[in-house]
Amino acid sequence: MQPRTDTYKAMSCDCGADGALRLPRFLDFLQETASEHARELGFDFPVVDEATGERGAWVLSQLRLRIVRVPRWREEIRVTTVPWGVRALTANRDFSVAFADGSPCAVATTRWAMISPRTRRAVRIPAFVASFDFPHEPLFGPGDPFSRLRPPVSDPPDAVSTRHRAERAHIDLNGHVNNTVYAGWMLESVPAETVAGARLAEIEIAFRSETLLGDEVLSVSAPSGPGTFFHRVRAPGGADHLLGVTRWA
């Protein structure tokens, strides 16, 4: 099985006032390449389990992205992806991103689960997907590349929160807020002085529950160490939609 590579260009509508590619748009590029590779391999949306006839939809469970340099307006990047480590309920997929001259841009690793569009509950990954040969060495090395993120019992006194509402433009093919939207919500609650004086070097997200059309959420950020922020996006009543960490250089 061969990896897939796609080329993207940072257009003016993809960039902020500083000329840098916005993070949600960057993640859009990764998601699109993953989707096209899954289509090539025969397990695109929706995936039908040949044994049970159950329809399944891929949902992102965890993400870790390490950024070397953020693309800027009119720059081209090449996104390469390959899956690995399929288990009964999850499958991993790595990404390497390079600029047109071959210099490194970023690396990412992701973990995906599958849900039933009918019941919204997790389903087993079909056997024909697990039977693929994925001879890939994980980009983040051996072992689990993801942290065990645990939220504080309550928001710390220095936490900053912003309120958001799931709108029609946020809803994807699975009928819920797309994972790329959450990244934008997370960054909205990072203090302005951090965003202005540093660059995002790494982001890690663990998704906990769906956000549906019309739902209101709070994006909460709090310092958790030098250049590091802990994040949670939660319902006003307290249930978490995601936990995350950003690291700034």
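The values are calculated or read from the model by the stated rules, or taken from the named source; none is laboratory data. Quick caveat, the model's predicted, so the values are computed rather than measured. Cβ sites come from the backbone with ideal geometry, for glycine too, and all protein chains shown count toward neighbours.
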Counting only strands (runs of 3 or more DSSP E) wholly inside the stretch 191-249, the ones holding at least 2 residues that are over 14 Å from residue 155 (Cβ atoms) and in contact (Cβ under 8 Å) with a residue 60 or more places away in the chain are 200-207, 240-248
Restricting the stretch 118-139 to residues that are exposed (fewer than 12 other Cβ atoms within 10 Å of the Cβ) and closer than 17 Å to residue 82 by Cα, the one modelled with the highest pLDDT turns out to be 137
Within the stretch 172-189, residues surrounded by 21 or more Cβ atoms within 10 Å (Cβ to Cβ), assigned to a loop (DSSP other than H, G, I, E, B) and touching a strand residue (DSSP E or B) at 6+ places or on another chain (Cβ under 7 Å) come out as 189
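Residue by residue, here is whether (1) in contact with a Gly (Cβ under 7 Å, 6 or more places away or on another chain); (2) over 29 Å from residue 56 (Cα atoms) holds:
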| residue | (1), (2) |
| --- | --- |
| 137 | no, no |
| 159 | no, yes |
| 166 | yes, no |
| 173 | no, no |
Among residues of the stretch 89-146 being of a type in the set (Gly, Ala, Ser) and over 21 Å from the mean Cα position of the chain (by Cα), the residue nearest to residue 245 (Cα to Cα) is 103
If we keep only residues of the stretch 10-50 that are under 19 Å from the mean Cα position of the chain (by Cα) and small (Gly, Ala, Ser), then the residue surrounded by the fewest Cβ atoms within 10 Å (Cβ to Cβ) is 35
